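Shown next, in structure tokens, is the structure this report addresses.
The values are calculated or read from the model by the stated rules, or taken from the named source; none is laboratory data. Predicted model, so just to flag it, every value in this text is computed and none were measured. Note: ideal-geometry Cβ built from the backbone for every residue, glycine included; neighbour counts use all protein chains shown. Heads up: the accessible areas ignore ligands, DNA and RNA and are worked out on the full protein's heavy atoms, side chains in. Shrake-Rupley method; radii C 1.70, N 1.55, O 1.52, S 1.80 Å.
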Amino acid sequence: MNENNNKLAVIWTSGDPEVAQKVCFMYTLNAKKQGWFDEVVLIVWGPSAKLLAENEDLQADVKKMMEAGVVVEACISCAKMYNVAEDLSDLDIDVRPMGVPLTNYLKEGWHTLNF
């Protein structure tokens, strides 16, 4: 069994807070807390970057995920488009170019889930 079969990259692009809280975040947190995957990464990409920077409830949810061991990364290009790169960095999110890391996750055989 490929060791990457136990790794999950969740790509969150939706600007809809209900999708974030009631679907994306619920699954992502439980995937880590319940041990469904050994490694779980949440990638903040596109409109979700703006939503997260502006929504304190979602920020609290992301903090809980991080405390549970979910790695949270954000696309710097997207964050700059919405002028929220510093806001996301202030939340202890790794804001960086994400094209290569995402490509590596895909090539390495990580499971991916998109919201």
Largest-first ranking of Lys32, Lys107 by accessible area, probe 1.4 Å, whole protein assembly kept, is Lys107, Lys32
Leaving out ligands, DNA and RNA but keeping every protein chain, what accessible area does Ser14 have, in Å² rounded to the nearest 10, with a 1.4 Å probe?
-> 30 Å²
What do you reckon, how do Trp12, Trp36, Trp45 stack up by accessible area (1.4 Å probe), largest on top?
-> Trp36, Trp45, Trp12
Cβ-isolated cysteines (cut-off 4.7 Å), the chain | Cys24
Roll a 1.4 angstrom probe over the protein heavy atoms and tell me the percent of accessible area of the chain that is carbon or sulfur.
-> 49 percent
Efficiency of FRET from Cβ geometry, Thr103 and Glu54, R₀ 25 Å, rounded to 0.05 | 0.30
Calculate one ³J(HN,Hα) per residue across region 83-95 by plugging θ = phi - 60° into the Karplus curve 6.51 cos²θ - 1.76 cosθ + 1.60, and present them in order as whole Hz with x for glycine and proline.
-> 6, 10, 4, 5, 4, 5, 4, 5, 8, 6, 8, 6, 9
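Normalising by the residue count of the chain, find the relative contact order in percent from Cα pairs under 8 Å and 6+ residues apart. Each step should come with its number before you reach the end.
Details: 190 pairs, mean separation 41.1, N = 115.
Relative contact order comes out at 36 percent.
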Counting helices only, and only those DSSP H runs with n ≥ 4, report the 222 nm mean residue ellipticity of the chain as the sum of -39,500 (n - 2.57) divided by its residues, in deg cm²/dmol to the nearest 500.
-> -12000 deg cm²/dmol
Using a 1.4 Å probe on heavy atoms of the protein chains only, the accessible area for Met81 in Å², nearest 10, reads 140 Å²
Thr112 versus Gln34, label points 7 Å from Cα toward the beta carbon: distance in nm?
-> 2.4 nm
Probe 1.4 Å, all protein chains present, accessible-area order of Glu18, Glu39, Glu56, largest first | Glu56, Glu18, Glu39
Among all the aspartates and glutamates, which ones have a C-alpha under 16 Å from Lys80's C-alpha, if same-chain residues fewer than 8 places away are not counted?
-> Glu54, Asp90, Asp94
Taking the simple approach of a point 7 Å from Cα along Cα-to-Cβ for both Asn5 and Lys22, what is their distance in nm?
-> 3.5 nm
